[in-house]
Amino acid sequence: MEETVNVICTFCGSVCDDGLFDVEKFKSKRFCKLGSSKFSKKERIKAPMIDGKEVSYEEAIEKAAEILVNAKRPLLYGWASTVNEAIRLGVILTEKLRGVYDQCASVCHAPGTLAVIEEGLPGGTLGAIKNRADVVVFWGANPMEAHPRHGMRYSISAKGLLVKDRKQRKVVVVDVRPTKTAKLADEFIQIKPGYDYPVISALRAIISGNADAVPDEVGGVSKEKLVELAETMKNARYGAVLYGLGVTQSRGRDRNVENAVKLIQLLNRHTRWVIWPMRGHYNVVGAGEVPAWEVGYQYAIDFSRGYPRFSPAEFSAVEVLKRGDCDAALIIASDPAAHFPRAAVKHLKKIPVIQIDPFPNMTTLLANVVIPSAVAGIEAEGTAYRMDAIPLRVKKVIDTNYWSDEQILEKLLEKVEKLMG
Amino acid sequence: MLEVEIISGRTLDQGATVEEKLTEEYFNAVNYAELNEEDWKALGLQEGDRIKVKTEFGEVVVFAKKGDVPRGIIFIPMGPYANMVIDPATDGTGMPLFKGVKGIVERTDEKVLSVKELLEAI
């Protein structure tokens, strides 16, 4: 293989496609701190394990298949940091097992999916935003820490076709604290935590000509400031609201996003606006899109009746775990032991857990069967959806003895089918 | 003792160490809470001090840091420490309340548990 190769980053939802990677030195160029950490040497799970004892891939997969087949209702969760080809097999496997499929968006941007079901999504690609957006509003999003190159490539200092540089683009940040992104903004609007919904409602009222109904202060923001922001939005040639977890993980959740989409619909009577979520993991979009095109839903899908049913109140991983509704779990490309509330982790500790992941994490500590996998984008190839649903082919640039997620799931599905007859 | 609202979220260091959860670097990236300077003074905190964060849903000991947050709000990086105290109720959405949970904060001499100890304590 050549010494320096082009690579596509498999860390965050920006999926930067302009990286260089020195295969010999195992070092990347051009990537941010997050991408550089992705493309660096780290501790790996050395070998497949059953109850801490090293075994072969075949033995671990056999054991995993037994656990899943013997479970009444297994939870198959994760999927955001693997490729579409693996996710596809995961959905088939869940259906076969009559289990529950859920993915990381469930604790991330899934409230936005609920809003989209209600209101649709007036969206645009990152390319359109880069080339056209003269006003960008980051709402409850802090890309300087979560998507460090987003601003440079698409939304803050990006040099576009029509909006040529930073001077031609107005950047507004709405957040509950002065984040690193807020410090780069032309305007920072600090709101009280949990007040996104009323602030959005106030903007809708002002833009629709009902400013009289807005009190002097909403969610910690003066009416004057809200009127100013509404004017900025109305006067944009092409505006983009890019929202983050500040909106989906706080009071109001899906309703915040729904209200924001309604604001965008209203703005589109005056000018052109789009709204888009700042998706976290590099293929969390795929973890939703793939089951959507296979079985009709993005997450929280139950197959216990032999056909897919969607209900986040019942079938999201956190709800399933809190109620003790699953008796085994397969966790892939994710770490719920670190990222779920303790009430959910509690049940995960009680049931047999199978983990498929390249790196040891907190879920490894409670997993009964651990199956190490190749790192997609470095050791395995496949397709991932960038945050704006543009599919990109991530590469294999290094040879490895680790099996890819796709290989592992293929074998696991084969075993499960054999055991189930 | 101080009444606060707890928010959690990503940081650059949390992201850069997220695939190395069992290392010292990850531990340091997620085991603290940022407080407003006034709140810091009100609690009589010194550099390196620990605080206990308590909510209806749990409690956790973390290191205290001065940060750019408004008074009455503390920020804990997303991860196992924050998740000890956030609200697991999803209101039917599947999404727990990771941001905006009411709680109290006090200075403590108790130690900050390691990631492994934390998981054992659940």
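List of remarks:
- Any chance B:G79 is surrounded by 17 or more Cβ atoms within 10 Å (Cβ to Cβ), at pLDDT 95 or above and under 27 Å from A:K350 (Cβ atoms): yes
Condition check ((1) crowded, with 24+ Cβ neighbours inside 10 Å; (2) under 19 Å from A:S14 (Cα atoms); (3) within 13 Å of the chain's Cα centre (by Cα)) across all residues:
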site	(1), (2), (3)
A:G220	no, no, no
A:A230	no, no, no
A:V241	yes, yes, no
A:E258	no, no, no
A:H270	no, no, no
A:M278	yes, yes, yes
A:Y282	yes, yes, yes
A:G288	yes, yes, yes
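- Per the listing A:A343, A:A329, A:A337, the residue uniquely within 26 Å of B:A121 (Cβ to Cβ), more than 22 Å from the chain's Cα centre (by Cα) and not in a loop (DSSP other than H, G, I, E, B) is A:A343.
- Filter pass, A:D335 being in contact with a Ser or Thr (Cβ under 9 Å, 6 or more places away or on another chain), under 26 Å from B:E117 (Cβ atoms) and not β-branched (V, I, T): yes
- Residues that are in a strand (DSSP E or B), under 19 Å from B:N31 (Cβ atoms) and either at the interface with another protein chain (Cβ under 9 Å from one of its Cβ atoms) or of a type in the set (D, E, K, R) (or both), drawn from segment B:72-122: B:I73, B:F75, B:K99, B:E106, B:R107
- Condition met for A:V318 (part of a helix (DSSP H, G or I) and under 19 Å from the mean Cα position of the chain (by Cα)): yes
- Filter pass, A:V221 being among the β-branched types (V, I, T), under 24 Å from A:R386 (Cα atoms) and within 14 Å of chain B (Cβ to nearest Cβ): no
- Set A:I156, A:I207, A:I200: member being under 12 Å from A:F138 (Cβ atoms), out of contact with any Asp or Glu (no Cβ under 8 Å at 6 or more places or on another chain) and in contact (Cβ under 8 Å) with a residue 12 or more places away in the chain: A:I156
- Complete set of residues in segment A:154-199 that are in a helix (DSSP H, G or I), within 14 Å of chain B (Cβ to nearest Cβ) and not aliphatic (A, V, I, L, M): A:K183, A:D196, A:Y197, A:P198
- Being among the aliphatic types (A, V, I, L, M), surrounded by fewer than 24 Cβ atoms within 10 Å (Cβ to Cβ) and within 12 Å of chain B (Cβ to nearest Cβ) is a description that does not apply to A:A333.
- The residues in segment A:132-153 that are more than 14 Å from chain B (Cβ to nearest Cβ) and either within 24 Å of A:K262 (Cα to Cα) or without any contact (Cβ under 8 Å) to a residue 12 or more places away in the chain (or both) can be counted, and the count is 7.
- Scoring A:Q265 on the criteria (1) in a loop (DSSP other than H, G, I, E, B); (2) surrounded by fewer than 19 Cβ atoms within 10 Å (Cβ to Cβ) leaves a single failure, condition (1).
Here is a yes/no grid of residues against (1) among the hydrophobic types (A, V, I, L, M, F, W, C); (2) away from chain B (no Cβ under 13 Å); (3) under 18 Å from A:D357 (Cα atoms); (4) in contact (Cβ under 8 Å) with a residue 24 or more places away in the chain:
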{"position": "A:S56", "(1), (2), (3), (4)": "no, yes, yes, no"}
{"position": "A:L76", "(1), (2), (3), (4)": "yes, yes, yes, yes"}
{"position": "A:R88", "(1), (2), (3), (4)": "no, yes, yes, yes"}
{"position": "A:Q103", "(1), (2), (3), (4)": "no, no, yes, yes"}
{"position": "A:C108", "(1), (2), (3), (4)": "yes, no, no, yes"}
{"position": "A:L114", "(1), (2), (3), (4)": "yes, no, no, yes"}
{"position": "A:T125", "(1), (2), (3), (4)": "no, yes, no, yes"}
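- In segment A:290-308, the residue that is nearest to the other protein chains (Cβ to nearest Cβ) out of those that are free of Cβ contacts under 8 Å to residues at least 12 places away in the same chain and either within 15 Å of A:Q103 (Cα to Cα) or assigned to a helix (DSSP H, G or I) (or both) is A:A292.
- Residue match in segment A:97-105 (condition: at pLDDT 95 or above and under 17 Å from A:L242 (Cβ atoms)): yes
- A:A141 vs. criteria under 30 Å from A:L75 (Cβ atoms) and not in a loop (DSSP other than H, G, I, E, B): no
- Test set (1) at the interface with chain B (Cβ under 8 Å from one of its Cβ atoms); (2) in contact (Cβ under 8 Å) with a residue 12 or more places away in the chain - A:R342 fails condition number: (2)
- Of the criteria (1) in a loop (DSSP other than H, G, I, E, B); (2) of a type outside the set (D, E); (3) touching a residue at least 60 places away in the same chain (Cβ under 8 Å); (4) closer than 23 Å to A:Q190 by Cβ, which one A:R251 fails: (3)
- Number of positions in segment A:345-374 that are more than 8 Å from every other protein chain (Cβ to nearest Cβ) and either within 17 Å of A:G324 (Cα to Cα) or of a type outside the set (S, T, N, Q) (or both): 15
- Here B:F63 meets the list (1) on the phi < 0 side of the Ramachandran plot; (2) part of a loop (DSSP other than H, G, I, E, B); (3) surrounded by fewer than 19 Cβ atoms within 10 Å (Cβ to Cβ); (4) not acidic (D, E) almost entirely, failing just condition (2).
- Count of segment B:22-76 residues, restricted to those that are more than 25 Å from A:P341 (Cα to Cα) and among the aromatic types (F, W, Y), is 1.
- Pairs where the first residue, in segment B:1-26, is over 27 Å from B:D109 (Cβ atoms) and facing another protein chain (nearest Cβ under 8 Å) and the second is assigned to a strand (DSSP E or B) and of a type in the set (F, W, Y), C-beta under 9 Å, 6+ apart: B:G9/B:F75
- Among (1) more than 22 Å from B:V85 (Cα to Cα); (2) surrounded by fewer than 23 Cβ atoms within 10 Å (Cβ to Cβ) - the single one A:S373 does not satisfy: (2)
- Filter result for A:A384 (within 18 Å of A:I87 (Cβ to Cβ) and out of contact with any Ser or Thr (no Cβ under 6 Å at 6 or more places or on another chain)): yes
The values are calculated or read from the model by the stated rules, or taken from the named source; none is laboratory data. Everything quoted here is computed from the prediction, not taken from an experiment. Please note: Cβ atoms are built from the backbone with ideal geometry, for glycine as well, and neighbour counts cover all protein chains shown.
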